[in-house]
Amino acid sequence: MGQLGSTMANGAAIDDAFYSKLVLLVESNLEREEFGVAELVRLVGLSRSQIHRKLKALTGQSISQFIRECRLKRAHTLLQDPTGTAAEVAYSVGFSNPTYFSKCFREYYGYPPGSAKQSGIAKARVKERFPSIRGIALLMLISFTVFAYFVSVNIFGIRDLKITTSPKSSVSSSLEKSIAVLPFKDDSQSGDNQYFCDGMMDEILNHLQKIRGLSVKSRAAVERFRKTDRSFRYKARALDVAFILEGSVRRDSNQIRVTAQLIEAASGNLLWAEDFGGAISDTLLILQRNIAKKVAASLGTVISPEAEQSLNQIETTAIKAYDLRIKAVYEQQLFWKTRDINHLKSAHKLLDKALKIDPKYKRAILAKGEVYIGEKKYDSALLYANRLIAADTAFVGGYGLRGECYYFKKNNELAIENYKKAIQLIRGYDEQWMWYHIPLGRAYLADNDILNAFIQFKNALQLGIDHLPQIYFNLSICYLQAGEYSKAEEFLNKCLELKTDCSTIFIYHWLMIIQGRYHDSLQFLRKICNERCERECSKAQFQTNMLVGNYELAQDFFNQWRKYQLVDTYFEYHRYELGYLYQQQGREEEARRLFMEEINRLSNHLNQHWEYTYLSLARIYSLLGNRTEALKYLTIYEEYGFDDGWQDFILIDPFFKNLREEPEFKAIVARAKREKLALRKQLARAETTEILYLNQRK
């Protein structure tokens, strides 16, 4: 018994030291909003899973929850100073969004930041998790915790939590074999070979992603460092990788020189570097493969026979066809940046030449189909998808392209079928194709299958796919559809921290107004809107100002949005709202004329079976006092399912004011809310369920 007591005392001391060290590290970095889980893990020196298990046992928290709690506690202390505003405090403790800070603060303390000055001390309901849980949790888990600690001492050599990194630690642990391939620099005298450098980078990246045991960041993740002079250590921290591969390409006429080097971020040690030079020929394709192999060897990674076979496959021996394809891909990327259709025309010409040289070049065929996707010529793209599948039934990209075609053709069933086929064909850990979980989830969303959509986005997140803004955005949509607004907002904030995307801005605004938070929406839009997002921002400003009664200003924003009606078909489904603005300004005759025009127009579109047609008709008829027609169309809309939080917004929407006391209206809303509650329960279960896909691929 005495020995057990001694062991427990030692365990408690260890946990005290561990917990205190974590607090110290976080508090030392509170002002840095980019400080997060990845950097804390790096500083502690244990693996993410080790820290998570220990912290969960001690506090019941995840690592990110622990960091947020530290930020909130410091914020509470700072708010006692009457000279600092809540927004200033939010920024000083690492929150980039004061609105999100206020939400988190209120959830944790039970009152808003503005009340902290009067409270002095946090409310009693906020408990110090560490001491309250330790008494029970450690008695149950002491054997496991102590055993895990001593294993970490003996195996990993961690006897304290000093902020040090062993020079060989990153090579010895597969978890830390994480690498980012930075954009290769163009050292050519002409300076017009960036497409060739990008092609070199992409090929090496694709080869590395085929090697099991390496965690390789996608091109999307590293693209933001193309034009920055930040140090490699900063880039590695931001990307959460242990190694950086960088290089340069010098091309003059038919001669090429490639320089590549592998750097360990923590120590700055150069693990491997080499120059390659000579005439451009099909040996270039072998060179790209060999660079990937040498990187793997430098990190002590054994290449499996399957990966070796995949690496040795060369899709074309025609170097000219390869050169034309990578130039076409570069033109595609310029199109997505500029929306200049001439880049797609140029890509078509280049790919036609490439396929004339090598008609069986699969990635050139795939690129041709993707160009047609960019042009919205989905039937043409489908021809190339079918051509790929006919040539190679095991080529993942063929099914992915076909899924994309059917998705845009609004055939969700066939889109889902082809995306699933693409995922089933994925071998090893080939990240270039793993991202198909995202479009598969998107197709499920379009099919109103929220649970399966959520599972796919969760798959993408757990697999570590580097399209985080897309994943966070789509997870927020799933939660929005389920009426889980706090979680939807959480993921939208995560999305905005990574990328200020126009769609995210609009959905964030919509999330606030369906909850009646109109003034929060206005403040958010004033702070974040920019010229690049004028279409989404003018639409959002119009909606919010209409709801708060700023009718003339709302009309100004409506007219601003009107400029985009040719490229925003959704605009048509809001034209009747201009009639509402007229009505509220006393322009009754103009309002009624517009309502009648919209009823006629929308009635002619009923055969398209788009749910918002029925919702729009229900809103107009309700506003006009025609309860029978309003309830008829609202009942039809109910059959499609209440999307985007309408089951709640319908209760505050001024268009439905005349219906709210109707028993049938109340019954419709009650049924919708029950369905959303059931969906929330399904998502809650899915949140705690490990995905099966990873297990299938082991």
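Check Pro469 against each of (1) in contact with a helix residue (DSSP H, G or I) (Cβ under 8 Å, 6 or more places away or on another chain); (2) over 30 Å from Asp648 (Cβ atoms) and name the one condition it does not meet.
Failed condition: (2).
Could you grab the pairs with beta carbons closer than 8 Å, sequence gap of 6+ or different chains, first residue in region 467-486 and under 23 Å from Ser218 (Cα atoms), second one open to solvent by 40 Å² or more (accessible area, probe 1.4 Å) and of a type in the set (Phe, Trp, Tyr)?
Correct list of pairs: His467/Trp435.
For Phe595, indicate whether it is within 32 Å of the chain's Cα centre (by Cα), buried (at least 16 other Cβ atoms within 10 Å of the Cβ) and at pLDDT 90 or above.
no
How many of the residues making up region 636-662 are assigned to a loop (DSSP other than H, G, I, E, B) and open to solvent by 60 Å² or more (accessible area, probe 1.4 Å)?
Of region 636-662, the ones assigned to a loop (DSSP other than H, G, I, E, B) are 641-645, 650-653, 660-662.
Those left that are additionally open to solvent by 60 Å² or more (accessible area, probe 1.4 Å): 651-652, 661.
Of the residues in region 636-662, 3 are assigned to a loop (DSSP other than H, G, I, E, B) and open to solvent by 60 Å² or more (accessible area, probe 1.4 Å).
If you scan region 259-271, which residues turn out to be open to solvent by 30 Å² or more (accessible area, probe 1.4 Å) and under 20 Å from Asp202 (Cα atoms)?
Thr259, Gln261
Is it fair to say Tyr407 is open to solvent by less than 40 Å² (accessible area, probe 1.4 Å), more than 21 Å from Ile341 (Cα to Cα) and either in contact (Cβ under 8 Å) with a residue 24 or more places away in the chain or not in a helix (DSSP H, G or I) (or both)? Step through it out loud before you land on a result.
Numbers: open to solvent by less than 40 Å² (accessible area, probe 1.4 Å): no; more than 21 Å from Ile341 (Cα to Cα): yes; either in contact (Cβ under 8 Å) with a residue 24 or more places away in the chain or not in a helix (DSSP H, G or I) (or both): yes.
Taking the combined requirement at face value, the residue does not satisfy it.
Which condition does Asn607 not pass, out of (1) modelled with pLDDT under 90; (2) polar (S, T, N, Q); (3) closer than 29 Å to Tyr479 by Cα, if it passes all the others?
(3)
Report, ordered by the first and then the second residue, all pairs with beta carbons closer than 9 Å, sequence separation of six or more or different chains, a first member in region 375-387 that is without any contact (Cβ under 8 Å) to a residue 60 or more places away in the chain, and a second member that is not in a helix (DSSP H, G or I).
Tyr378/Lys409; Asp379/Lys409; Ala381/Glu375; Leu382/Lys409
Scan region 317-348 residue by residue and report those that are over 17 Å from Asp192 (Cα atoms) and either outside any helix (DSSP H, G or I) or free of Cβ contacts under 8 Å to residues at least 12 places away in the same chain (or both).
Within region 317-348, Thr317, Ala318, Lys337, Thr338, Arg339, Asp340, Asn342, Lys345 meet the criteria.
Which one is farthest from Gly247 (Cα to Cα), of the residues in region 287-304 that are open to solvent by less than 60 Å² (accessible area, probe 1.4 Å) and of a type in the set (Val, Ile, Thr)?
The initial filter retains those residues of region 287-304 that are open to solvent by less than 60 Å² (accessible area, probe 1.4 Å), namely 287-293, 295-296, 298-301, 303-304.
Next cut, of a type in the set (Val, Ile, Thr) only: 291, 295, 301, 303.
Details: Ile291: 11, Val295: 13, Thr301: 21, Ile303: 23 Å.
Step by step, filter region 287-304, then rank; the result is Ile303.
Inspect all residues belonging to region 478-485 and state whether any of them is farther than 28 Å from Ser603 by Cα, open to solvent by 50 Å² or more (accessible area, probe 1.4 Å), small (Gly, Ala, Ser) and within 22 Å of the chain's Cα centre (by Cα). Please lay out each step first, then the result.
Keep residues of region 478-485 that are farther than 28 Å from Ser603 by Cα, which gives 478-480, 482-485.
Then drop every residue that is not open to solvent by 50 Å² or more (accessible area, probe 1.4 Å), which leaves 484.
After this cut, where a residue has to be small (Gly, Ala, Ser) as well, the list is none.
No, region 478-485 has no match at all.
Open to solvent by less than 40 Å² (accessible area, probe 1.4 Å), modelled with pLDDT under 95 and not acidic (Asp, Glu), is that true of Leu382? Break it down stepwise before answering.
Details: open to solvent by less than 40 Å² (accessible area, probe 1.4 Å): yes; modelled with pLDDT under 95: no; not acidic (Asp, Glu): yes.
Against the criterion (open to solvent by less than 40 Å² (accessible area, probe 1.4 Å), modelled with pLDDT under 95 and not acidic (Asp, Glu)), Leu382 does not qualify.
Going by what's in this entry, would Val41 be described as modelled with pLDDT of 75 or more, surrounded by fewer than 17 Cβ atoms within 10 Å (Cβ to Cβ), within 23 Å of the chain's Cα centre (by Cα) and not small (Gly, Ala, Ser)? Before you say what the answer is, go through the steps one by one.
On the way: modelled with pLDDT of 75 or more: yes; surrounded by fewer than 17 Cβ atoms within 10 Å (Cβ to Cβ): no; within 23 Å of the chain's Cα centre (by Cα): yes; not small (Gly, Ala, Ser): yes.
Spelling it out, it is not the case that Val41 is modelled with pLDDT of 75 or more, surrounded by fewer than 17 Cβ atoms within 10 Å (Cβ to Cβ), within 23 Å of the chain's Cα centre (by Cα) and not small (Gly, Ala, Ser).
Taking interchain pairs and intrachain pairs at least six residues apart, which have beta carbon atoms under 6 angstrom, with the first residue in region 184-203 and under 18 Å from Ala321 (Cβ atoms) and the second of a type in the set (Lys, Arg)?
So the pair list comes out as Asn193/Arg251; Tyr195/Lys327; Phe196/Arg251.
Please work out which one of (1) open to solvent by less than 50 Å² (accessible area, probe 1.4 Å); (2) at pLDDT below 90; (3) closer than 26 Å to Gln515 by Cβ is the condition Tyr633 fails and give its number.
Failing condition for Tyr633: (2).
Look through region 602-624, keep the residues that are open to solvent by less than 40 Å² (accessible area, probe 1.4 Å) and not hydrophobic (A, V, I, L, M, F, W, C), and return whichever of them is nearest to Tyr640 (Cα to Cα).
Taking region 602-624 and keeping what is open to solvent by less than 40 Å² (accessible area, probe 1.4 Å), we get 602, 611-623.
Still in the running and not hydrophobic (A, V, I, L, M, F, W, C): 611-614, 616, 619, 621-622.
Details: Glu611: 6, Tyr612: 10, Thr613: 11, Tyr614: 10, Ser616: 14, Arg619: 16, Tyr621: 19, Ser622: 19 Å.
Among residues in region 602-624 that are open to solvent by less than 40 Å² (accessible area, probe 1.4 Å) and not hydrophobic (A, V, I, L, M, F, W, C), the one nearest to Tyr640 (Cα to Cα) is Glu611.
Yes or no: region 460-475 includes at least one residue that is aliphatic (A, V, I, L, M), at pLDDT below 90, farther than 16 Å from Lys103 by Cβ and surrounded by 22 or more Cβ atoms within 10 Å (Cβ to Cβ).
Here is the first cut: in region 460-475, the residues aliphatic (A, V, I, L, M) are 460-461, 463, 465, 468, 471, 475.
Remaining after also requiring at pLDDT below 90: 460-461, 463, 465, 468.
Now drop any that are not farther than 16 Å from Lys103 by Cβ, which leaves 460-461, 463, 465, 468.
Filter once more, so that each one left must be surrounded by 22 or more Cβ atoms within 10 Å (Cβ to Cβ): 460.
Checking region 460-475: at least one residue is aliphatic (A, V, I, L, M), at pLDDT below 90, farther than 16 Å from Lys103 by Cβ and surrounded by 22 or more Cβ atoms within 10 Å (Cβ to Cβ).
Among the residues of region 305-339, write down those that are of a type in the set (D, E, K, R) and either under 16 Å from Ala364 (Cβ atoms) or crowded, with 17+ Cβ neighbours inside 10 Å (or both).
Pass one, region 305-339, residues of a type in the set (D, E, K, R): 306, 308, 315, 320, 323, 325, 327, 331, 337, 339.
Listed by number, the residues that qualify are Glu315, Lys320, Asp323, Arg325, Lys327, Glu331.
Quick one: how many residues across region 417-459 are farther than 19 Å from Ala221 by Cβ, among the polar types (S, T, N, Q), at pLDDT below 90 and open to solvent by less than 50 Å² (accessible area, probe 1.4 Å)?
Of the residues in that region, 0 qualify.
Would you check if Asp252 is open to solvent by 60 Å² or more (accessible area, probe 1.4 Å), in contact (Cβ under 8 Å) with a residue 60 or more places away in the chain and not aromatic (Phe, Trp, Tyr)? Before you say what the answer is, go through the steps one by one.
Values: open to solvent by 60 Å² or more (accessible area, probe 1.4 Å): no; in contact (Cβ under 8 Å) with a residue 60 or more places away in the chain: yes; not aromatic (Phe, Trp, Tyr): yes.
So Asp252 does not fit the description; no.
Pick out, from region 181-247, the helices (runs of 4 or more DSSP H) lying fully within it that include 3 or more residues that are of a type in the set (A, V, I, L, M, F, W, C) and open to solvent by less than 20 Å² (accessible area, probe 1.4 Å). Give the derivation first.
Numbers: elements: 194-208, 219-222, 232-239.
Fully inside region 181-247 and qualifying: 194-208.
Among the listed residues Ala236, Ala180, Ala221, identify the single one that is in contact with a His (Cβ under 9 Å, 6 or more places away or on another chain) and small (Gly, Ala, Ser). Before you say what the answer is, go through the steps one by one.
On the way: Ala236 fails: in contact with a His (Cβ under 9 Å, 6 or more places away or on another chain); Ala180 fails: in contact with a His (Cβ under 9 Å, 6 or more places away or on another chain).
Answer to the check: Ala221.
The values are calculated or read from the model by the stated rules, or taken from the named source; none is laboratory data. As the structure is a prediction and not an experimental result, all values here were calculated from the model. Because the Cβ atoms are built from the backbone with ideal geometry, glycine has one as well, and the counts that use them run over all protein chains shown. These accessible areas exclude ligands, DNA and RNA; they are computed on the full protein's heavy atoms, side chains included. Shrake-Rupley method; radii C 1.70, N 1.55, O 1.52, S 1.80 Å.
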